[in-house]
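Contents: one structure, followed by commentary.
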Amino acid sequence: VQLVESGGGLVQAGGSLRLSCAASGRTFSSWTMGWFRQAPGKEREIVAAISWSGGITYYRDSVKGRFTISRDNAKNTVYLQMNSLKPEDTAVYYCAARADYRLAYEFADFGSWGQGTQVTVSS
């Protein structure tokens, strides 16, 4: 499976960005999808995950109420709407796919990764 992220960029604190991840593969609708991020000198961490149907989502505590993950299975695309951005959200954001319908949010649970897109939030 191939994952291609887009939508990153530079934004001021308090602003918004919407990340998109386009996936190849005819079984996208059965995959769990996730967004991870990695800041310089830090480990990659889960941001959000979404079940195959979109009915179940997971968010890390620091983004709850600000970020929304969603998916469009007809377009093989997953999104991450990021509002009220903070400088500490600055990182490379990665889309990840898990060939399993069961929701998961650990790094090791995801087998396919995109190339990443840079998000920079200025203060």
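The values are calculated or read from the model by the stated rules, or taken from the named source; none is laboratory data. On a predicted model such as this, the values are computed, not experimentally measured, just so you know. Here Cβ is always computed from backbone atoms with ideal geometry, including for glycine, and neighbour counts include all displayed protein chains. Ligands, DNA and RNA are excluded from the accessible area calculation, which covers all protein heavy atoms including side chains. Shrake-Rupley method; radii C 1.70, N 1.55, O 1.52, S 1.80 Å.
In this simple spin-label approximation, residue 122 and residue 81 carry label points 7 Å from Cα along the Cα→Cβ vector, and these lie 2.6 nm apart.
Straight-line cross-link partners of residue 75 among the lysines, defined as a Cα under 29 Å from its Cα and at least 8 positions apart when in the same chain: 64.
Would you mind calculating the relative contact order of the chain from Cα pairs under 8 angstrom and at least 6 residues apart, reporting the percent as a whole number? Before the final figure, lay out the partial values.
Values: 313 pairs, mean separation 44.9, N = 123.
Relative CO of the chain lands at 37 percent.
Treating r as the C-beta distance of residue 62 and residue 22 and R0 as 25 Å, the FRET efficiency rounds to 0.40.
Once you wrap a convex hull around the alpha carbon atoms of the chain, what is its projected area averaged over all directions, in nm²? Show your work: numbers first, answer last.
On the way: hull surface 26.6 nm².
Approximately 6.6 nm², given one-decimal rounding.
What separates the Cα centres of segment 26-76 and segment 78-101 is a distance of 6 Å.
Keeping all protein chains in place, calculate the accessible area per residue for the chain (probe 1.4 angstrom), answer in Å². For the chain, the per-residue accessible area is 51 Å². Spin-label pair residue 100-residue 13: with each label point 7 Å from Cα along the Cα-Cβ axis, the two points sit 3.9 nm from one another. Computed from the C-beta positions of residue 73 and residue 115 and an R0 of 22 Å, the FRET efficiency is 0.45 to the nearest 0.05. Rolling a 1.4 angstrom probe over the chain with all protein chains present gives an accessible area of which 47% lies on carbon and sulfur atoms.
Within 10 Å, count the other beta carbons around each residue, average over each peptide in 47-58, 5-16, and list them highest first.
Values: 47-58: 17.7, 5-16: 14.3.
Top to bottom by mean Cβ count within 10 Å: 47-58, 5-16.
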